[in-house]
Amino acid sequence: MKLHFFKEAALDYFKANVKSNISHYSDSDNSWVYEQYEDPFEEIEIDCEPFDLYIDSENPTKMDLENIKILYTALKSLTNSQACDERLWTGLAHSDFYNYTQARWSNSREKDNMKKENYILTRYFYSQDSKSKFRHTLAKLWWTGKMIYDNNNLQDPLHFAGTLGRKDMATRMNDVFTSNFSRNIHLLRPFLNVIDYYDLSGKIIDQNYFRSLVQYLNIVGGLYLIDFLEEDRIETMLKDRVVYYDKYGPDVVKNIKKKRVNIHSNLRVFSKNRNNKFNITIDENNLSYFLNKKVNDVIEYKNDELIVLSIY
């Protein structure tokens with residue numbers, strides 16, 4: 001299948017002229033691209049069958065869910081380097097999938113945003129900002145498929161798309177893919193398995209629970225040699241955490257600050273979910289006391305220093 005990507009000079013031109021072209025992004029076709037710039041695209045031959053993306057403008061979540069599977073399956077052979085090339089994704093959004101990109105943002109809730117320069121820049125133009133992988137209309141489909149691809153499920157390796165889309169997909173994707181653990185399938189898989197476990201058993205994991213579990217797993221990833229933990233063990237830790245949240249409430253952490261203190265430092269710890277404050281002097285004798293105050297998941301003890309992720 002032949003796909004079209006921007007030539008470098010054409011990319012620079014259209015990126016520099018977004019503001020003056022805002023009205024054109026409502027045009028029914030991309031003929032205006034060729035009117036402004038002669039021969040703007042180059043072709044790339046991809047080893048895949050021709051495919052079309054699913055369109056249902058008033059159901060953008062379903063569009064994303066279906067098209068993660070369609071686009072990643074079709075373009076799975078792309079290398080990471082190719083999938084980070086802004087000429088590719090920006091070119092596709094202005095050529096082969098121009099109509100799809102328009103349709104994706106034409107729903108009643110979002111269509112007015114597409115009259116704004118910053119929205120066009122993030123939805124039509126890929127950039128080297130790491131967030132662009134999950135904001136660009138087409139790139140996010142490929143990169144989500146790449147991140148959630150589960151080799152342990154040969155019948156449906158992209159089944160976790162449904163996990164992300166079951167409730168508030170945009171928020172779930174943002175929380176997961178801006179986390180430290182999302183690039184490690186050894187962490188991501190048990191995390192999403194646990195979300196599936198509760199969602200499918202009738203206990204929908206709401207935003208506060210979801211975000212708290214993301215924060216918890218980020219912290220766990222910094223405290224343990226995760227690669228030496230079995231995925232079943234990680235799932236058990238997360239399920240135990242849900243039980244803890246059921247009892248005390250989720251840790252809706254507004255701010256996390258890292259503090260490095262000497263072992264004899266005075267420290268105030270505020271555990272938000274229990275509304276308890278602990279004033280302690282850290283030493284060898286009361287370290288265990290500190291650990292028992294339900295904040296053992298937010299510290300790292302090493303040699304004569306304690307790294308504290310202070311929740312407040």
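The values are calculated or read from the model by the stated rules, or taken from the named source; none is laboratory data. Remember, it's a predicted structure, so these values are computed and weren't measured experimentally. Don't worry about glycine lacking a Cβ; one is built from the backbone with ideal geometry, like all the others, and counts go over all protein chains shown. All accessible areas refer to the heavy atoms of the entire protein, side chains included, with ligands and DNA or RNA removed. Shrake-Rupley method; radii C 1.70, N 1.55, O 1.52, S 1.80 Å.
A few remarks follow.
- For the stretch 82-118, the list of GluC sites (Glu not before Pro) that fall in a loop by DSSP and count at most 14 other C-beta atoms within 10 angstrom reads E110.
- 3J(HN,Hα) along the stretch 186-192, derived from phi through the Karplus expression 6.51 cos²θ - 1.76 cosθ + 1.60 where θ = phi - 60°, amounts to 5, 9, 5, 4, x, 4, 5 Hz, with x in place of Gly and Pro.
- Restricting the trypsin sites (Lys or Arg not before Pro) of the stretch 161-214 to loop positions (DSSP other than H, G, I, E, B) with no more than 13 neighbouring Cβ atoms within 10 Å leaves R183, K203.
- Cα shape, the stretch 1-118, gyration tensor, a/c 1.5 rule: oblate
- Once C-alpha pairs closer than 8 Å and six or more residues apart are averaged by separation and normalised to the residue number of the stretch 28-129, the relative contact order reads 33 percent.
- For the stretch 110-125 versus the stretch 11-82, the inter-centroid distance based on Cα atoms is 14 Å.
- Nearest-10 value in Å² for the accessible area of F125, using the 1.4 Å probe: 10
- Cross-link table K76/K239; K62/K247; K62/K133; K111/K167, entries beyond 27 Å C-alpha to C-alpha: K76/K239; K62/K247
- Solvent-accessible area of H159 with every protein chain in place, 1.4 Å probe, in Å² to the nearest 10: 40
- Sequence-distant residues sharing a close amide H with F41 (under 5 Å, placed H): K7
- Accessible area of D39 (1.4 Å probe, protein heavy atoms only, ligands and nucleic acids ignored): about 90 Å².
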